[in-house]
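Read the structure below first, then the notes.
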Amino acid sequence: MKRVICLLLLLSYMCILFTGCFDAQEVTEWAYVYSIGMEKGVTDKLRMTVQMPSMKGGKGGGSEGGQEQGNIETITIDCPSFYAGVNMINSFVSRQINYMHAKYLVFSESLAREGIDSYITAFIRGRQIRRQMNVIITKGSASDFLKAHSVAISSSLSKKQQNLMDQGSNTGFFSDVTYGDMLDEAKAPYGQPIAILAAINDEGKFKPGEGTGQLPFKTSGDYYAGDLARRGGSKAEFLGTAIFDGGKMVGELNGDETRILLMLRNQFHRAFYAVRDPKMPNKTITMDVRGQKNPNIKVRFEGDKPVIDAKVFLEGDVLAIQSTIDYESKELKPILENEFRKLIKEQMDKTIKKCQLVNSDVFRFGSFAAMHFPTIPEWEEYNWLKRFKDAQVNTEVDFRIRRTGTMLKSSELFSTEGKKGE
Amino acid sequence: MANIFQTMKNVFTYKPEKGQAFELLEGSTEGVERENTPEAANLKPGSDTSDKTEGTSAEQTKDIPAEKNGKKVREKKTPLTVEEWNKQKNDEEASPDQTEEGLVSSDLSANLQKIKKEFGIPYNTDVMTRKFKIARKVNAFITYVDGMVDSTFVSDFVLRQLMEPRNFEEFFKEGNTENISDYINENVISVHEVGKMKDLNTIYFQILCGDTALFIDGAEMCLIISTRGYEKRSVEKPVTENVVMGSQEGFTENLRTNLTLVRKIIKNKNLITEMIKVGKTNQAYIGIMYMNGIVNQEVIKEVKRRLNSIDAAFVAGDGMVGQFIEDSPFMIFPQTLTTERPDRVASFLMEGKVAIISEGAPFAEVVPITFYHLLQTSEDSMVRWQYGSFLRIIRVFGIMVSAFLPAMYVALTLFHQEMIPTELLASIARSKEEVPFPTIVEIILLEISFELIREGGIRIPGVIGQTLGIIGALILGQAAVAAGLVSPILIIIVAVTGLGSFAIPNYPFGLSLRVVRFFFTFMAAILGFYGISLGLFLMACVACNIKSFGVPFFAPVAPKTKSAPDLVMRQPIWKQEERPDFLNPANRRKQSSNSRGWEHKKNGGKKQ
């Protein structure tokens, strides 16, 4: 009797256990989406694009497989909503769409300017949506952008996506802002969300032939996405930041402004800056600039008007001095440091003004202002985001040169004209 | 209906077991330092053999310096010396089934008839009887088992000596009243071990063991002459427990050799070997070895009780003995430690454990053990502690891999694809593209073929066996991938799993993990990581319940007890001052807290 009952219990346990199999799905039953693109539809509300790798590698996975890895399938469809589109795609893709590995979430600029709040707050409920996706605003069509965003120097798309975002911290030209960050900021009364600005570069800015070396030179970040004068490489370009007011895009920052934004948000890692040589304006001095410590931001109120004192701390190494002036020396080093401080302060004032014009506190000054309010309702009542444009912002930059690279002293050159330099 | 509910209730309700399970409880005299006072009074047979006579141990009060709780005077049994006790033991063993007709008769032909009848001569051709005359005068015969004795030894030192009349000149002198068997024992036979016996049953057994029995006309005694000389394997390198550093000696099938190999390492008079006969028909001897003064007497008692109670016709080798005496036969993990290495046995004995060495297999069983002993090898203490710890960590990793890797793979690919790095996922998906089977079928297919290679590799004779393992795995794996039966990534999984299981030093433990792996894979296939956790939880609950001779399986960790810093991470050898507390050893200290005496310049490094 006991044996029979034990057996029956075991069998019934098995029945319960085996229910676990219902959502077991083989890797070959899924189609993994790497990027999701959304723009305004032509025949429907939304035009959705998914980018996924072709699984045509086949057996072996050896040398032949490597070539196949570059095959990327980009599918675009007009649909009423994201999840509806997923189903519609499955009418011609044999595998279930799986977007748990999606890395990029791309919106077209026109959609963003209209407001993407309804999208970003909507599909976060899906279990497969990851908050670590990077949010990208592209000029022009998202589906064209994703088509252009192919692999150039590496053979793996996902690696490219990941590595490109890491480059953001090396250059400061774009932030690696994620879907989760954007969602948090859109829902918070402390600051405004940002997104990565991207565009297709059709190489239209590039002028062939040998030029004359235009002067005065532009700074390296004085471009928006799609404006770089270049040839070759992947057509998709990431440069600058889209700034939002709530869920609506209200403006864009170029590379230099993005660096300032990151400095004030305490997300700046390092960047190469080419500055004008204070003594020889035609030459440049390049420096490797890093954030030194957290920016010092204080908010006070003069009457009802907020006053913001922001100070950023930077340090850097000299990478290249085109002239032979000895900026390593004790006397000349402060001159160079001051020149750089001036440059950054100038850019910072300009950037803050620009954001105040569209009234978007992307610097998150609000989180410092909130300290002055004893309760959250009072803070929300005050409506910082509305009053940001009236704020008076005093900026200050601290910069120190730490090292001078592998040279301790610049020395003069000799030519038929004699000693050159000074 | 009520009946069914009652039975169901019985299945679910917990009832403590009625039987007296052996518990190793804290004793009052435990941990008191007295290494050189063997406490042999406890060495008497277990409870189920209580029909035998009890030891006549005179009780005597004796003061023990009480450490903490005042000046209590404890009663203590006076220790018997080992010889006394051995004698007492022999008397006990000889006493049962002693009947009048089982004695040696003074009539030589009657003895011969009995021997012939008992051994089935002439049908049984192995047992030889040889009649001859002692010094050309007295009739006598010897009996031995052909092949078990050294025949040149018998001819040279038994027969030649006995037949030589000059050896008996003294005996046949006028006025000699000496018994002939005593005379022969004392003056004629120049053999190291000669015993006098009356009981025929014992004599039969001695003959079967390879001794020669000498029956003399008119003597009511039989002389048992030790002439054992059967074929045996010499001491070779251990096969299952190879090490790079350390001793290269392994046990053999011969009990005597094995005991000697251990005794060679521990040259101490407190190393006791007790012999117990098990196996009703094959009558195998089992040696119980322990260090008197270190070991907990309760454990010895329990080991003897269990061994004495074995009621089976055939017991050969320690593997069978282990199965008869282990605590929980239905648990998957081994509860006795099987080792092939005398040096390991010696180190265990010095920790206060008991070794059971039996005839017929080159292994010894050590009890009590814990889970952590199964991770250790003798090499760990031979190399410096940094290397030893590193090797142990690798081994723990091997255990993890061996038990969980296939399960992890199944769980990841079936349920948790979001945890796989995107590129790896793509390559897994790509390589699985042309495989028609679900992952679980693939992995079971490959696991089983791998187990087949392992099992087949052992059975295939000689040189082919070793190469087959590698070639078979390589070719089979490659071909399976080419044929689209399995995906290449799976070959790696199974190969690494196999490597992991080879890293486990204890073969029975490795076997248990090979079985457990399938359970985990199954759980992963139906419930993913949740299933693995469930399985692990179940397994841990069950394993925590195991006891090996009163010691919990995860002893120094769960329950937490004191032990030398030598569990997984091994600390320097001079820090390992104490024997494990969970054994309740009689002497807890292994070495002084200052075992590196030379470091202290005051006394010039002399021993204190």
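What follows is calculated from the coordinates using simple rules that are stated; it is not laboratory data. If you're wondering where the values come from, they're calculated on a predicted model, not measured in any experiment. So basically every Cβ, Gly included, is an ideal-geometry build from the backbone, and we count neighbours across all protein chains shown.
Tabulated results
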| read-out | value |
| --- | --- |
| Degrees separating the helix A:157-171 axis from the principal Cα axis of chain A, which is the longest one | 30 degrees |
| Lys, Arg +1 and Asp, Glu -1 on Cβ, resulting dipole of the protein assembly as shown about Cα centre, debye, nearest 20 | 2140 debye |
| Relative contact order (%) - the range A:256-422, alpha-carbon pairs under 8 angstrom, separation at least six | 29 percent |
| Cα-Cα over 32 Å, subset of A:Lys139/A:Lys159; B:Lys131/B:Lys237; A:Lys235/A:Lys342; B:Lys237/B:Lys353; A:Lys160/B:Lys432; B:Lys114/B:Lys277 | B:Lys131/B:Lys237; A:Lys235/A:Lys342 |
| Dipole of the range B:385-552, positive direction: furthest Cα of B:Gly457, B:Gly500, B:Val551, with charges on the beta-carbon | B:Val551 |
| In nm, spacing of pseudo-spin labels at A:Cys6 and A:Ser118 (7 Å Cα→C-beta vector) | 6.4 nm |
| Hz values of 3J(HN,Hα) by residue in the range A:334-340 - Karplus curve (6.51, -1.76, 1.60), Gly and Pro given as x | x, 5, 5, 4, 5, 4, 5 |
| Rel. contact order, % - alpha carbon contacts under 8 angstrom, at least six apart, chain B | 14 percent |
| Alpha-carbon centroid distance for the pair the range B:534-561 / the range B:376-395, whole angstrom | 24 Å |
| Neighbouring partner chain Cβ atoms per residue of B:410-417, average, 10 Å criterion | 4 |
| Between the range B:501-519 and the range B:228-303, the Cα center-to-center distance that results, in Å | 26 Å |
| Computed E for A:Lys386/A:Lys205 - FRET, C-beta separation, R0 51 angstrom, nearest 0.05 | 0.85 |
| Order of B:Glu253, B:Glu174 under a 10 Å beta carbon neighbour criterion, fewest first | B:Glu174, B:Glu253 |
| Efficiency of FRET from Cβ geometry, B:Phe554 and B:Lys277, R₀ 25 Å, rounded to 0.05 | 0.10 |
| Pairwise label distance in nanometres, A:Ser150 with B:Tyr230, each label 7 Å out on the Cα-Cβ vector | 8.2 nm |
| Stretchable slack from A:Gln167 to A:Arg127, in nm (0.36 nm times residue separation minus alpha-carbon distance) | 11.5 nm |
| Kyte-Doolittle mean at least 1.6 and Cα axial length at least 27 Å: DSSP H helices in chain B | B:462-482, B:507-544 |
| Virtual spin-label span in nm between A:Asp184 and B:Glu174, 7 Å along Cα→Cβ | 12.3 nm |
| Charge-dipole axis of the range A:159-232 as Lys and Arg at +1 and Asp and Glu at -1 on Cβ define it, positive-most pick from A:Asn163, A:Gly191, A:Gly211 | A:Gly211 |
| Kirkwood Rh in Å, taken over all unlike Cα pairs in the protein assembly as shown | 37.8 Å |
| Within chain A: Cβ-based charge dipole about Cα centre, in debye rounded to nearest 20 (Lys, Arg +1; Asp, Glu -1) | 620 debye |
| Value at 222 nm in deg cm²/dmol, rounded to 500, when DSSP H runs of n ≥ 4 in chain B each add -39,500 (n - 2.57) | -12500 deg cm²/dmol |
| Theoretical FRET efficiency, 1/(1+(r/R0)^6), r = Cβ-Cβ of B:His600 and B:Arg384, R0 25 Å, to 0.05 | 0.70 |
| Per-residue average of Cβ from other chains inside 10 Å of B:431-444 | 3 |
| Estimated dipole of the range B:385-552 in Debye, rounded to 20 [Cβ of Lys and Arg +1, of Asp and Glu -1, Cα centre] | 580 debye |
| Percentage relative contact order, chain A, counting C-alpha pairs under 8 Å, at least six apart | 12 percent |
| Overall form of the range B:385-552 per C-alpha gyration tensor (a/c, 1.5; a/b vs b/c) | oblate |
| Part-to-part distance (alpha-carbon centres) for the range A:253-292 and the range A:325-355, which is given in Å | 9 Å |
